[in-house]
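Read the structure below first, then the notes.
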Amino acid sequence: MSVHAHVFKGLEGVYVIDSAICLIDTEKGALYYAGYDVRELVEKSSFEEVAFLLLHQRLPTKSELEEFTSRLRASLNLESKHIETLRKHADNKDTLTMLAMLMVLEGGGKKGGDPGDLEAAINAIAKMGSFFSTIIRIRSGGDYVPPRKDLSFAENILYMMNGGEYRREYVEILDDLLILHAEHGVPASTFASLVTASTLSDLYSSIAAGILTLKGPLHGGASEASYAQALRIGSAERVPQWVESMLAEKKKIMGFGHRVYKIYDPRATVVKELIAKHAATMDSEAKKLYEITQALEDYGQKVLAPRGIYPNIDLWTPILYRMIGVPPDSFTAFFAVSRIAGWAAHILEYWRDNKLIRPLHLYVGEQPRKYLPLELREGS
Ligand code: ACO
């Protein structure tokens, strides 16, 4: 009998895996991928190299990186079956659900459980990028543009999304965002992927579970919610009154708070630095968004930081997403294009020593109860 059982609501404070993929230093406010500081990776590395690092938990040699990059690039190509499906569903505005569906179809009945299935991981990472770019391209009335052999992953995402054109200065922003979002331990989406993978479902379906879990506004969907919030606020001057009314109604401010950081999210610092670096390319929409976001950060911190609630990465990312041309209803989908590297790495790592994830629940209902025939029940 489980009289001494304790329920950890939301699994708060519970370690569910051991993993060599990422370390979050919640005291200093730092994030490491397989031992490398994400700030250094943003500065010196590329998404291709970081994806290799996460999957192998070590940096590649020059020839390994070349081979990995060319496999990733080759898998960016879409076949006519993909393009037909994308065209058929492009008017469905729920980009993440579309990506999840496309991922499951891509799996095509493959088996799960192989920790060495790098081919599936590489194909899934690349396909997520080309599905995302092509959905945006088709929705804007264009046709599928195949990737180019001479372009990096980030360049190809922009190139395919914009029908063969892109601004060079946006490549760095996109690549840095891809690196920054690639991994973060076991948030809800990664945990959902692992729950699915632990049943020995296939890698693509496990990733689809992650995509659908990312969608919610308490997790990856916060970037879209935070953008909508800035539009609703409308101007920097309105921020204090707006924050006070939200808090009075016990509503949450999007882009604030985090389950593991009770300090400023270190990823938000990197995003702010990127915005400052590229400030010259901001249009009037991005500038207005910036003013509102800065006012929200200042006032929100004043009232929420004493409770350990600080700005998180999703307060600031909408500005960069708008700058590089990601439509607001696809912000979270962009997050998935990056986080798939972390999901795939965790799934393969988990399969090295798989154990079905099957927690317990504490029954709090009545029992035992006597079954009454329908005609004898009250109100019959
Ligand atoms: N605004 C106002 N109050 C907040 C906020 C917020 N953003 N976040 C937490 N709180 C308050 C809650 O109202 C609650 O107050 P109470 O104790 O008086 O009831 C208390 O802080 C604890 O909140 P929980 O939601 O239980 O704490 P948790 O650790 O689960 O919160 C979460 C983490 C879900 C991210 C929360 O901070 C939140 O909802 N933030 C807004 C959504 C958001 O920005 N999510 C993105 C996270 S980053 C990412 O996933 C990429």
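The values are calculated or read from the model by the stated rules, or taken from the named source; none is laboratory data. Bear in mind the structure is a predicted one, so any value in this text is a computation, not a measurement. Backbone-built Cβ (ideal geometry, glycine too); neighbour counts: all protein chains shown.
Per-residue answers, yes or no, for (1) over 30 Å from residue 228 (Cβ atoms); (2) surrounded by fewer than 24 Cβ atoms within 10 Å (Cβ to Cβ); (3) in contact with a strand residue (DSSP E or B) (Cβ under 7 Å, 6 or more places away or on another chain):
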position	(1), (2), (3)
304	no, yes, yes
315	no, no, yes
322	no, yes, no
329	no, yes, no
348	yes, yes, no
368	yes, yes, no
For this session: Please specify each residue of region 328-367 satisfying the condition of being free of Cβ contacts under 8 Å to residues at least 24 places away in the same chain and of a type in the set (A, V, I, L, M, F, W, C).
Result: 364
For this session: Give just the number: which of (1) within 16 Å of the ligand (Cβ to nearest atom); (2) modelled with pLDDT under 95 does residue 184 not satisfy?
Result: (2)
For this session: Please state which one of 377, 352, 358 is over 37 Å from the mean Cα position of the chain (by Cα) and among the charged types (D, E, K, R).
Result: 377
Exercise. So residue 341 fits all but one of (1) over 25 Å from residue 9 (Cβ atoms); (2) touching a Ser or Thr at 6+ places or on another chain (Cβ under 9 Å); (3) surrounded by 23 or more Cβ atoms within 10 Å (Cβ to Cβ); what number is the exception?
Worked result: (2)
Seminar exercise, completed: Within region 226-236, of all residues that are more than 7 Å from the ligand (Cβ to nearest atom) and in contact (Cβ under 8 Å) with a residue 24 or more places away in the chain, the one nearest to residue 335 (Cα to Cα) is 227
Exercise. In the same structural domain as residue 119 (by TED's automatic domain parsing) and within 12 Å of the ligand (Cβ to nearest atom): does that describe residue 164?
Worked result: no
Seminar exercise, completed: Counting only residues that are of a type outside the set (Val, Ile, Thr) and either within 16 Å of the ligand (Cβ to nearest atom) or crowded, with 20+ Cβ neighbours inside 10 Å (or both), region 271-285 contains a total of 2
Problem set entry | Residue that is nearest to residue 268 (Cα to Cα) [pool: residues in region 304-316 that are near the ligand (Cβ under 9 Å from one of its atoms) and assigned to a helix (DSSP H, G or I)] | 313
For this session: Take region 247-270 and flag every residue that is in a loop (DSSP other than H, G, I, E, B), within 6 Å of the ligand (Cβ to nearest atom) and touching a residue at least 40 places away in the same chain (Cβ under 8 Å).
Result: 253, 254, 255, 257, 258, 259
Problem set entry | Every residue from region 31-46 that is farther than 18 Å from residue 57 by Cβ and touching a residue at least 12 places away in the same chain (Cβ under 8 Å) | 39, 42
Seminar exercise, completed: Here the residues within region 12-26 that are more than 21 Å from residue 117 (Cβ to Cβ) and touching a residue at least 12 places away in the same chain (Cβ under 8 Å) are 12, 16, 23, 24, 26
Problem set entry | So residue 190, is it within 16 Å of the ligand (Cβ to nearest atom), farther than 21 Å from residue 144 by Cα, touching a residue at least 60 places away in the same chain (Cβ under 8 Å) and polar (S, T, N, Q) | yes
Seminar exercise, completed: Checked region 231-273 for anything in contact with a helix residue (DSSP H, G or I) (Cβ under 6 Å, 6 or more places away or on another chain) and over 28 Å from residue 23 (Cα atoms); matches are 233, 236, 239, 240, 242, 243
Exercise. If we scan region 191-203, do we find a residue that is under 24 Å from residue 320 (Cβ atoms), in contact with a Ser or Thr (Cβ under 7 Å, 6 or more places away or on another chain) and buried (at least 22 other Cβ atoms within 10 Å of the Cβ)?
Worked result: no
For this session: Those residues that are among the β-branched types (Val, Ile, Thr), under 23 Å from the mean Cα position of the chain (by Cα) and either surrounded by fewer than 23 Cβ atoms within 10 Å (Cβ to Cβ) or assigned to a loop (DSSP other than H, G, I, E, B) (or both), I need them from region 137-160; list them, please.
Result: 138
Problem set entry | Subset tally (residues that are among the β-branched types (Val, Ile, Thr) and within 10 Å of the chain's Cα centre (by Cα)) for region 206-223 | 2
For this session: Just one of (1) under 30 Å from residue 140 (Cα atoms); (2) small (Gly, Ala, Ser); (3) modelled with pLDDT of 95 or more trips up residue 34, so point out which.
Result: (1)
Seminar exercise, completed: Of the listed residues (163, 113), the one being outside any helix (DSSP H, G or I) and over 25 Å from residue 327 (Cβ atoms) is 113
Exercise. Does residue 186 count as hydrophobic (A, V, I, L, M, F, W, C), in a loop (DSSP other than H, G, I, E, B) and within 21 Å of the chain's Cα centre (by Cα)?
Worked result: yes
